[in-house]
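What follows draws every value from the coordinates through simple rules; no lab data is involved. These figures come from a predicted structure and were not determined experimentally. Using ideal geometry, Cβ is built from the backbone for each residue, glycine included, and neighbour counts are taken over all protein chains shown.
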Amino acid sequence: MGTGLLKKGQARRGPLDGATPDSAFPRRDGVLRCGDESLDALAKEYGTPLYVYNGDRILERFHAVRDGFAPLDLLIAYSVKANPNLAVLRLLGEAGAGADIVSGGELYRIRRAGIDPGRVVFAGVGKTRDEMRYALEQGIMAFHVESAQELAALGEVARGAGFIAPVAVRVNPDVHSPTHEFTRTGHASAKFGVSPDEAVDLYAVIVEHPGLRAVGVDVHIGSQIREPRPFLAALDVVLEVADRARRDCGVDLRYVDLGGGFGIADGEAGALDIGTLAEGVAARLEGRSLALILEPGRFLVGDAGALLTRVLYVKRSGGKTFVITDAGMTELIRPSHYGGVHAISLVHDGDRGTVERVDIVGPVCEQGDFLARDRRLPVPPRGALICVRQAGAYGFTMASNYNSRPRPAEVLVHGGRATLARRREEYADLIRGEHDD
Ligand SMILES: *Cc1c(COP(=O)(O)O)cnc(C)c1O
């Protein structure tokens with residue numbers, strides 16, 4: 001029902017603009033736009049490859065989550081790793097978002113963006129003692145602890161520095177999430193979280209430890225999940241952990257954190273129905289005095305971002321047609337790393353050639369360097385501008401300098417204005433930090 005989920009084989013692949021309803025980059029007068037700005041004008045002003053973010057769309061998505069879960073006591077902790085650009089963090093912070101971080105570097109960013117550390121939760125299986133100390137000094141809301149050894153280290157660091165560390169145990173609920181192998185984190189053999197039984201044991205440790213305080217329970221089952229069911233199954237598991245922790249250890253938890261991973265529509269299938277999820281969550285939290293934390297990343301920024309890239313050459317060889325663009329896996333690694341299927345459109349209607357099955361590939365010297373494979377697309381001419389959609393999450397943040405390629409610029413369009421959110425790297429940036437003598 002209402003999940004918009006397409007079955008395998010029904011995937012909406014290929015047809016130009018056919019992939020998703022997309023309010024972030026609509027077509028008007030034959031040209032794609034972001035707000036009132038034509039993408040063509042932005043590419044001319046800032047060059048390509050270029051990331052463009054629609055700030056209005058980001059806020060629209062933030063409000064959709066907030067309103068969708070409205071009657072609940074909710075903190076939306078934006079998952080910084082999806083897109084950590086300061087301009088994006090400021091926008092969301094001013095709208096009332098907290099943050100879900102996974103490193104000291106992300107804590108540094110959210111501080112620079114003015115987000116209150118009291119609204120920040122810190123997950124990750126490999127927090128270092130330095131990161132723990134930094135987060136304690138900054139006064140974050142909670143550490144989401146993922147192992148017994150990490151909990152012991154946190155207790156030591158907190159005691160040594162004169163803090164009491166607020167803790168939520170991240171539970172591995174052993175649910176199956178129907179998503180790519182690399183974005184699945186809630187099955188028993190994943191490296192994340194601890195089993196429900198071990199979680200209860202850890203709460204018993206926390207209540208006895210003078211440097212630790214139990215404040216919540218946490219779960220995050222993966223990314224780009226399009227069905228409510230696995231989230232609700234995970235919630236059932238952690239609520240039972242919370243009940244057992246109260247019964248067996250006498251801890252009263254303030255919140256349950258359901259993580260992120262809410263799926264968006266892309267070139268492959270539709271979005272998670274957030275309303276159905278909210279209903280299921282509200283029913284399960286009824287009568288409990290638990291606040292709710294959600295950690296959406298992609299859902300807030302994914303379809304609000306696009307990667308603009310120009311066609312360098314069209315090459316026919318070995319029975320194939322390659323559209324070679326000035327962006328590749330160095331700018332957007334999702335297609336090759338996660339099998340991500342991004343909707344792809346020509347910015348100008350007038351650039352449509354005859355429809356063929358094409359691979360869109362980058363200039364990087366790797367056979368695994370592609371933006372799309374085996375797509376039916378109107379073959380564009382040299383110089384045409386291509387818009388790769390759903391690139392606002394896990395796009396620039398995973399970009400690299402491989403092949404000594406400077407990373408692209410990022411532009412935020414918000415309130416009728418385009419501003420440079422990050423300048424394009426120059427060759428000199430490539431050797432910054434290296435010894436040059
Ligand atoms: C990555 C991550 C998220 C966000 O995932 P999205 O798919 O971008 O919503 C949330 N919580 C944790 C712990 C994460 O690691």
Worksheet item: So for the stretch 92-224, what percent of the C-alpha to C-alpha distances run longer than 25 Å?
Response: 26 percent
Worksheet item: Per 10 Å bin, what percent of the C-alpha pairs of the stretch 112-167 does each bin hold, from zero upward?
Response: 25, 59, 15, 1
Worksheet item: What share of Cα pairs, in percent, lie more than 12 angstrom apart in the stretch 392-437?
Response: 69 percent
Practice prompt. Write down the Kirkwood hydrodynamic radius of the stretch 247-355, to one decimal in angstroms, obtained as one divided by the mean of 1/r over all alpha carbon pairs.
Written response: 18.3 Å
Worksheet item: Looking at this model, which pairs from K44/K320; K44/K315; K127/K191 are more than 20 angstrom apart at the alpha-carbon?
Response: K44/K320; K44/K315
Item to complete: Between V31 and A95, with labels modelled 7 Å along Cα→Cβ, what's the label distance in nm to one decimal, could you check?
Response: 2.7 nm
Worksheet item: Cβ under 12 Å from D359's Cβ, D359 left aside: what net charge do those residues give with Lys, Arg +1 and Asp, Glu -1?
Response: +4
Fill in: Using distinct alpha-carbon pairs, which all enter the 1/r mean, Kirkwood radius of the stretch 324-437 in Å
15.6 Å
Worksheet item: Regarding the chain, what is the average projected area of its C-alpha convex hull, in nm²?
Response: 22.6 nm²
Worksheet item: Working out 0.36 nm times the residue gap between Y313 and H176, then minus their Cα-Cα distance, what length gain in nm do you get to one decimal?
Response: 45.1 nm
Discussion item. With loop defined by DSSP as not H, G, I, E or B, and exposure as at most 10 other Cβ atoms within 10 Å, which is the longest segment of the chain clear of exposed GluC sites (Glu not before Pro)?
Written reply: 1-285
Discussion item. Among L50, V120, V361, which residue has its Cα furthest toward the positive end of the charge dipole of the chain, with +1 on Lys/Arg Cβ and -1 on Asp/Glu Cβ?
Written reply: V361
Worksheet entry | P(r) of the stretch 86-145 over all Cα-Cα pairs, binned every 5 Å from zero, in whole percent | 4, 21, 35, 22, 13, 5, 0
Worksheet item: When the C-alpha atoms of the stretch 147-269 are aligned to their principal axes, what extent does each axis show, in angstrom, from largest down?
Response: 51, 29, 24
Fill in: Angstrom value of the Kirkwood radius, inverse mean 1/r, which spans all Cα pairs in the stretch 23-102
14.4 Å
Worksheet entry | Net lengthening on full extension, R111/V207 (0.36 nm per residue, minus Cα-Cα) | 31.5 nm
Worksheet item: To the nearest 10 degrees, how steeply does helix 148-161 sit against the main Cα axis of the chain, on a 0 to 90 scale?
Response: 70 degrees
Response to the item:
In Å, the C-alpha Rg and Dmax of the stretch 360-413 are 12.9, 34
Worksheet entry | Dipole axis of the chain (+1 Lys, Arg; -1 Asp, Glu on Cβ), positive-most option in V31, S400, G211 | V31
Worksheet entry | Gained length - E240 relative to S195, 0.36 nm times residue gap less alpha-carbon distance | 15.0 nm
Item to complete: Give the dimensionless ratio obtained when the Cα radius of gyration of the stretch 142-215 is divided by 2.2 N^0.38 Å.
Response: 1.21
Worksheet item: How many Å³ per residue does the convex hull of the Cα positions in the stretch 57-105 occupy?
Response: 78 Å³
Item to complete: Count the DSSP beta bridges whose two residues both fall in the chain, then state the antiparallel fraction as a percent rounded to the nearest 5.
Response: 50 percent
Response to the item:
Rounded to the nearest 10 degrees, the helix 229-249 long axis (Cα) sits at an angle to the longest Cα principal axis of the chain of 20 degrees
Worksheet item: If R0 is 35 Å, what FRET efficiency do you get for K320 and R229 from their C-beta distance, rounded to 0.05?
Response: 0.35
Worksheet item: Which value results when the Cα radius of gyration for the stretch 280-335 is divided by 2.2 N^0.38 Å?
Response: 2.14
Practice prompt. List the equivalent ellipsoid semi-axes of the stretch 211-257 in whole Å, largest first, each obtained as the square root of 5λ for an eigenvalue λ of the Cα gyration tensor.
Written response: 24, 12, 6
